[in-house]
Structure formats: structure tokens, C-alpha cells
Amino acid sequence: MPTNVLGSELQCCCMKPRTGYYRDGYCRTGVEDSGLHTVCALMTDEFLSFARTRGNDLVTPMPDWGFPGLRAGDKWCLCVLRWKEALDAGCAPPVFMEATQMSALEFVTLEDLREHALPK
């Protein structure tokens, strides 16, 4: 199992809805994951609206893909660059540090993640 941004074992982000590129609940990535789904975040209405304006509708269910649609309060593995884009726009959702993969630090700083971290 990969490590999280705190240097310990990556924790599960969410099983309901089942998240992660591999839909195993973990925000881990691999060579086939071009989106780098490494940031475990708590969805907010503000972020979901922002994502939709960027062409990433996370609200509408897509049963053919096993995607239930998200709402505020759900945990979800976000693409690190989408989280960074939201950060730059002032609407980054809160982050679960223990469930955010270490490789996210290639694109965002630990300080930025800590500023948006949820308490344990």
C-alpha cells in the first residue's frame, strides 16, 4: 500500500460511495490513471459547482459506470490537478490527509494540504 502525505500507510478514503480510480476506496494511482486520483476530499456544494463549470459533473449519477453522483458531505478521491485548480480559484474542498497519497505532493504543497486539512 502506498504512503499518505504524512508518511504513514495510506488510509481508506470512502467505501460509500466507493471511490478511488480502482474503486477500492483508496486514493491511489497507477500508470493507467491519467487523472492521478490521489486527494481524498470532503465534497462541498461550492466545489461541486466549480467542478461542473470545468466540465466535470460529479453530481449527476451515471449508472452505466457505477457512479451514484455526489453531494456535499461525501468523501471522494479527486484528481490532484482538479484540487489544485480549485485551490487557485479559492474553493478547494477540505482534505483527509491520512487518505491522500504521497504522490499528490508532486503537484501541491504539504502546506496547502494542511491549510485545508480536516481534523482526524
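The values are calculated or read from the model by the stated rules, or taken from the named source; none is laboratory data. It should be emphasised that the depicted structure is a prediction, and the values quoted were computed from it without experimental measurement. Note: ideal-geometry Cβ built from the backbone for every residue, glycine included; neighbour counts use all protein chains shown. Please note that ligands, DNA and RNA were not included when accessible areas were found on the heavy atoms of the full protein model with its side chains. Shrake-Rupley method; radii C 1.70, N 1.55, O 1.52, S 1.80 Å.
Data for the structure
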| read-out | value |
| --- | --- |
| Rel. contact order, % - alpha carbon contacts under 8 angstrom, at least six apart, the chain | 33 percent |
| Charge dipole (debye, nearest 20) of the stretch 24-64; +1 at Cβ of Lys and Arg, -1 at Cβ of Asp and Glu | 140 debye |
| Share, in percent, of DSSP beta bridges within the chain that are antiparallel, nearest 5 | 90 percent |
| Exposure ranking of M102, M43 by accessible area [1.4 Å probe, largest first] | M102, M43 |
| Stokes-Einstein diffusion coefficient of the chain, Kirkwood radius over Cα pairs, 20 °C, 1.002 mPa s, in µm²/s | 153 µm²/s |
| Linear extension gain, R23 paired with S8, 0.36 nm per residue minus alpha-carbon span | 3.3 nm |
| Dipole of the chain, positive end: most advanced residue of L10, L81, G69 [Cβ charges, Cα centre] | G69 |
| Per residue accessible area of the chain, 1.4 Å probe, in Å² | 53 Å² |
| Point-to-point label distance, L118-S103, nm (Cα→Cβ direction, 7 Å offset) | 2.3 nm |
| Protection-proxy order for peptides 90-97, 53-60, 76-83, each taking the mean of Cβ atoms within 10 Å per residue, highest first | 76-83, 90-97, 53-60 |
| Dipole magnitude of the chain, debye to nearest 20 (Cβ charges: Lys/Arg +1, Asp/Glu -1, about Cα centre) | 300 debye |
